[in-house]
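The values are calculated or read from the model by the stated rules, or taken from the named source; none is laboratory data. Just so it is clear, the structure is predicted and the values come from calculations on it, not from any experiment. Positions of Cβ are generated from backbone atoms using ideal geometry, with glycine treated the same way; all protein chains shown enter the neighbour counts.
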Amino acid sequence: MNVLFVGGTGIISSACARLALSRGIGVSFLCRGKSTRHPIPSGVDVLLGDIRDARSARSALGNRAFDAVVQWVGFLPHHVQLDIELFRGRTGQYVFISSAAAYQKPPASLPVTESTVLHNPFWQYARDKIDCEEKLRAAYRGEGFPVTIVRPSHTYDVGLLPMHGGWTVVDRMRRGLPVVVHGDGTSLWTLTHCDDFARGFVGLLGHPSAVGEAFHITSDETLTWNQIHEILGRAAGASPRLVHVPSELIAACDPHWGASLLGDKAHSMVFDNGKIRRLVPDYRATIPYARGAERQAAWYDEDPRRQVVDGETNAVIDRILERYERAWPDL
């Protein structure tokens, strides 16, 4: 099988490329070749081009055709419209990486399935992904464009810490400073290691029953945000001081952080992975976050240059805590 990744050097795509290569799948990247965060794996055929520039992309692709094309960096409807025109007739499957943020917020019922309504009035990123999905579904219905939609939820690797602020939050934990947890910290959340995600994803490539369908691929482990902070703190050798702050107050202090909360993380999200298992029967997430957090702490500690503390993030956290204490001085 011959697969093209548009992009390919991100957290999830890198893990999927490594697994695909190990299974004998031919992998090509259409990319600009500028990533340093995730080096391109040995064995990948690199096509240098800019997917945002139709002439550049066509030049890089030449007359190549693929069994599957995976769009990792499509965020707006005009991105996928270009893909429809670019890959029409040259692939047997076009996989669009959407997001579980597109699911209804707050969800009317749990667990979330692929038939859960797509509706997110809080976060533009999610609405754009919904619009992309609708354009691709119209192309599938109208002309048979062979789309498969995949909706990752919160997927991480050793470097991507789960809370807003990343290492800055761990640094605060280690220094005994308070850290902000949205709401009362008891909303349910799902963290999925990128290597687990890859096992489900690679099984969809070239699968004829996946065309015309949507899938999410997540862990079956469900944690509260209190537990997530405590697990990471324990892995880092700290006892975190958690301060619970309403998401609306966080949003008032930092609209970007607030959008990701009100449009996603503030709501309990538990997923039914029955659909992916029906097509990929051996899919199972095997890395609990306790193990993932240990790997993260070890990765950051083995090279102190990775432990970047962001002064602006610290200032935002302190500002949120100050406003919260003014509103509830006795808490």
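Observations on the model:
- Among the residues of this structure, Leu262 counts as one that is touching a residue at least 24 places away in the same chain (Cβ under 8 Å), under 30 Å from Thr148 (Cα atoms), aliphatic (A, V, I, L, M) and in a helix (DSSP H, G or I).
- Filter pass, Arg58 being exposed (fewer than 15 other Cβ atoms within 10 Å of the Cβ) and in the same structural domain as Glu143 (by TED's automatic domain parsing): yes
- The residue list Arg58, Arg90, Arg32 contains one member that is out of contact with any Gly (no Cβ under 9 Å at 6 or more places or on another chain) and among the basic types (Lys, Arg), which is Arg90.
A quick yes/no check of all residues on (1) within 15 Å of the chain's Cα centre (by Cα); (2) in contact (Cβ under 8 Å) with a residue 60 or more places away in the chain; (3) not assigned by TED's automatic domain parsing to the domain that holds His207:
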residue	(1), (2), (3)
Glu114	no, yes, no
Asn120	no, yes, no
Ala126	yes, yes, no
Asp131	no, no, no
Gly142	no, no, no
Val150	yes, yes, no
Arg172	no, yes, yes
Arg175	no, no, yes
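- Test for Ala285: is it in contact (Cβ under 8 Å) with a residue 24 or more places away in the chain and assigned by TED's automatic domain parsing to the domain that holds Pro146: no
- Picking from residues in segment 265-283 that are part of a loop (DSSP other than H, G, I, E, B) and in contact with a helix residue (DSSP H, G or I) (Cβ under 6 Å, 6 or more places away or on another chain), the one that is nearest to Thr148 (Cα to Cα) is Val280.
- Some residue of segment 92-99 being under 29 Å from Val180 (Cα atoms) and either surrounded by 17 or more Cβ atoms within 10 Å (Cβ to Cβ) or in contact with a helix residue (DSSP H, G or I) (Cβ under 7 Å, 6 or more places away or on another chain) (or both): yes
- Checked against the criterion of being at positive phi, buried (at least 21 other Cβ atoms within 10 Å of the Cβ) and either in a loop (DSSP other than H, G, I, E, B) or out of contact with any Asp or Glu (no Cβ under 8 Å at 6 or more places or on another chain) (or both), the candidates Gly74, Gly89, Gly24, Gly8 yield just one match: Gly8.
Residue by residue, here is whether (1) in a helix (DSSP H, G or I); (2) over 25 Å from Phe215 (Cβ atoms); (3) β-branched (Val, Ile, Thr); (4) touching a strand residue (DSSP E or B) at 6+ places or on another chain (Cβ under 7 Å) holds:
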| site | (1), (2), (3), (4) |
| --- | --- |
| Ala285 | no, no, no, yes |
| Glu294 | yes, yes, no, no |
| Val309 | no, yes, yes, no |
| Thr313 | yes, yes, yes, no |
| Val316 | yes, yes, yes, no |
| Arg323 | yes, yes, no, no |
| Arg326 | yes, yes, no, no |
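- Selected residue [buried (at least 22 other Cβ atoms within 10 Å of the Cβ) and closer than 22 Å to Phe197 by Cβ] from Tyr125, Tyr103: Tyr103
- Qualifying residue in segment 35-53 (condition: in contact (Cβ under 8 Å) with a residue 24 or more places away in the chain, surrounded by fewer than 15 Cβ atoms within 10 Å (Cβ to Cβ) and closer than 19 Å to Gln93 by Cα): no
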